[in-house]
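The values are calculated or read from the model by the stated rules, or taken from the named source; none is laboratory data. This is a predicted model, so every value here is computed, not measured. Here Cβ is always computed from backbone atoms with ideal geometry, including for glycine, and neighbour counts include all displayed protein chains. Note: accessible area is taken over every heavy atom of the protein model, side chains too, but ligands, DNA and RNA are not part of it. Shrake-Rupley method; radii C 1.70, N 1.55, O 1.52, S 1.80 Å.
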Amino acid sequence: MSAGARPALARFARSAPRVAVLAVAALALAACGGGAEKTESPSATTSAPADGGAKPAAFPVTVEHKYGSTTIDKEPKTIVTLGLSDQDAVLALGFKPAGAVDWFKEKPYGKWPWAKDKWGSTQPQIVGERDEYNIEKIAALKPDLVIAQYSGMKKEQYDTLSKFTKVVAQPKEHPDYGAPWQLMTQRIGKALGKDAEAAKLITDIDARFEAVRAKHPEFAGKTLAVADSFEAGKYSAFTKTDPKAIFFSELGFKLKPEIDTLAKPGWNVAELSAEKLNVLDVDRLVWVTSSTEANDRIKAEPLYKKLKVNQEKRDLFVPYQDPDIGAAFSFNTVLSIPYAIDEIEPLLAAVK
């Protein structure tokens, strides 16, 4: 994975995404035929239930979010997901999004092992990269629902999209990209009329975490940090609001509060120089890296060599992809968590 595919989201706090202008809104409205909808057979641009015919849910439903609330009058048929990992919960609930955004600069269908079978041969339209959306492409799909939970959607983007479709933006109770997977799954389930199914997904995943904690009570007494480095001399430690840190806390580990105090407001990472690497001297340090070259560079850093976590071999170097371990706990969804647990548990248990 190239540096450009970096899953860390701190960059979003520094550069505002493209937002649609009024001309685009007009184009979008025209593309949607003034809001009229057509019933289409399932295809790459529709979102019919993946299970071949889910039972109609009780509608209307109203979902609260950062920019107010959205009432959905009937079961959506064509869904676009704009959150970086939202497609996983939609797939898990029996629907295939017609459109999705690209996070890792990888086509999001057929790539990730936890979602490959759910997509099948369906190929969603890529309608943006991270939180920069192509409004024209979204409008062309004629969605009756847009979901943006794990996102940094701006108010102007929400307003533009709301001119031609229903939009459920990110939760208001947490910072952008900071809502826990349980809440995002619950909101997506409600929007799809699948409250009960979403609740079961959450309960099942909670049980997986509980099983790991019961099997490894020693995790509870250990402090853990997650970090990455895509450039020599620059390091990032993930805060408690980042999905990666959340994943390990649910496995039972304690996070280090100092990392949160070092992060800039609204950021999901604390950026560290080599001189600040001592903050990573914890009981377990998980590096999520993009290459063996990055691993070797980190290990060769003189100040890193001085850390006990390195000297005592309590540091793990986990790839984002191939195998897709880091990607799985970066997504941290009801689909990816079981895969992440299966892959990371033996690695953590092997560290003494």
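Some observations on this one:
- Residue within segment 97-105 that is outside any helix (DSSP H, G or I), over 15 Å from the mean Cα position of the chain (by Cα) and surrounded by fewer than 21 Cβ atoms within 10 Å (Cβ to Cβ) present: no
- Segment 167-190, residues that are buried (at least 19 other Cβ atoms within 10 Å of the Cβ), more than 14 Å from Leu335 (Cα to Cα) and in contact with a Ser or Thr (Cβ under 8 Å, 6 or more places away or on another chain): Val167, Val168, Ala169, Gln170, Asp176, Tyr177, Gly178
- Residue list for segment 116-132, filter: open to solvent by 80 Å² or more (accessible area, probe 1.4 Å) and either in a loop (DSSP other than H, G, I, E, B) or among the β-branched types (Val, Ile, Thr) (or both): Ser121, Gln123
- Filter pass, Glu136 being assigned to a helix (DSSP H, G or I), open to solvent by 20 Å² or more (accessible area, probe 1.4 Å) and closer than 27 Å to Thr239 by Cβ: no
- Inter-residue pairs, beta-carbon under 6 Å, first over 27 Å from Ala232 (Cβ atoms) and in segment 249-273, second open to solvent by 80 Å² or more (accessible area, probe 1.4 Å) and part of a helix (DSSP H, G or I), 6+ apart: Gly252/Arg213
- Pairs with Cβ under 7 Å, 6+ apart, first in segment 128-148 and within 18 Å of Gln170 (Cα to Cα), second part of a strand (DSSP E or B) and acidic (Asp, Glu): Glu129/Asp102
- Conditions (1) within 15 Å of Asp144 (Cα to Cα); (2) open to solvent by 20 Å² or more (accessible area, probe 1.4 Å); (3) in contact with a His (Cβ under 8 Å, 6 or more places away or on another chain): number failed by Tyr158: (3)
- Of all the listed residues (Lys137, Lys66, Lys38, Lys118), the sole one being at pLDDT 90 or above, more than 22 Å from Gly189 (Cβ to Cβ) and among the basic types (Lys, Arg) is Lys137.
- Filtering segment 71-81 to residues that are part of a strand (DSSP E or B) and surrounded by 20 or more Cβ atoms within 10 Å (Cβ to Cβ) leaves Ile72, Ile79, Val80, Thr81.
- Evaluated against (1) open to solvent by 30 Å² or more (accessible area, probe 1.4 Å); (2) without any contact (Cβ under 8 Å) to a residue 60 or more places away in the chain, Ile325 falls short on exactly one condition, (1).
- Any hit, segment 328-346, residues being open to solvent by 10 Å² or more (accessible area, probe 1.4 Å) and under 21 Å from Thr223 (Cβ atoms): yes
- With a requirement of 3 or more residues that are under 21 Å from Gly178 (Cα atoms) and open to solvent by 10 Å² or more (accessible area, probe 1.4 Å), the helices (runs of 4 or more DSSP H) lying completely within segment 210-314 that satisfy it span 243-250, 257-262.
- A single member of Arg284, Arg297 is closer than 23 Å to Pro217 by Cβ and in contact (Cβ under 8 Å) with a residue 40 or more places away in the chain, and it is Arg284.
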